1. Gaussian network model of the chain, Cα springs within a sub-10 Å range: biggest mean-square fluctuation belongs to which of 167, 194, 240?
2. Could you calculate the contour length gain from residue 264 to residue 113, that is, 0.36 nm times the residue separation minus the distance between their Cα atoms, to one decimal place in nm?
3. Treating the Cα atoms of the chain as identical point scatterers in vacuum, please give the log10 of the normalised Debye intensity I(q)/I(0) at q = 0.07, 0.11, 0.14 Å⁻¹, two decimals.
4. Quick one: length gained pulling residue 190 to residue 3 fully straight, 0.36 nm per residue minus the C-alpha distance?
5. So, in nm, how far is label residue 279 from label residue 105 when the simple model puts each one 7 Å beyond its Cα toward the Cβ?
6. Let me have the 222 nm mean residue ellipticity of the chain computed from DSSP H runs of 4+ only, each contributing -39500 (n - 2.57), with the sum over all residues rounded to the nearest 500.
7. Can you tell me which of 42, 189, 225 moves the most in a GNM of the chain? Springs connect C-alpha atoms under 10 Å apart.
């Protein structure tokens, strides 16, 4: 992977960890997510000015990715309902590279060498240590782990879909723009149906953080998709997961979340696995 792609993914990692903190901070996470994603939909048409429309071949991937992103949003909301940022984020993001590597092998013919495979195994080990840590309780955090793993499955699936689709699109900006225009529709409909009269109250009092999160989300996802045109899917996914360290720092420093030795060790192991993969490129 070239230097430009690495920089794009690292910037995306910072933005992604930050918008996840925004979702965790707000009390009504469904409305926060809906306003955040609606903001990306409002900003996205600007990307359509940067080139031609995506090719016809890429449209099934755009539509499927938009659907999977909304399933991802719902799983992520549930994960944060049961667990804190320092647990949910490493498990969700850390499980994705293993799944992306397998999916990219089967569907796109991308192969890992020995060092890269070692990195994936190390990442998985870090995740397992989180799941079985002494801090996980049956009544709460095990549910958070389950939803986090489902979130990771969605991340891996839409990463593979986007990796194939954006390469067929002929214009990454057009692919990203249309994806973010379509993304808000399901989650906004769900939020309005569930909250009804509370929607306008939320918008009057709590719009600032979600709007900020929307801008961060557009930047994070857009840069990651762009990077998928420059490097292998497993590489992009793995390097992006350096965001687990950023999320850990945000969770412990700004959100005052407990972060014991076990979680510090697990986050460090996951990061070591990420670096093993990144250093091969």
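1. Of 167, 194, 240, the most mobile in the Gaussian network model is 194.
2. Residue separation times 0.36 nm, minus the Cα-Cα distance, leaves 51.5 nm.
3. Calculated log10 I(q)/I(0) at the listed q: -0.23, -0.58, -0.96.
4. That works out to 63.3 nm of additional length.
5. 2.2
6. -26500 deg cm²/dmol
7. Answer for the Gaussian network model of the chain: 189.
We did not get these values from a lab; they are worked out from the coordinates using the rules stated. Just so we're clear, the structure is a prediction, and the values are computed from it rather than from any experiment. Note that each Cβ is placed from the backbone with ideal geometry, even for glycine, and that neighbours are counted across all protein chains shown.
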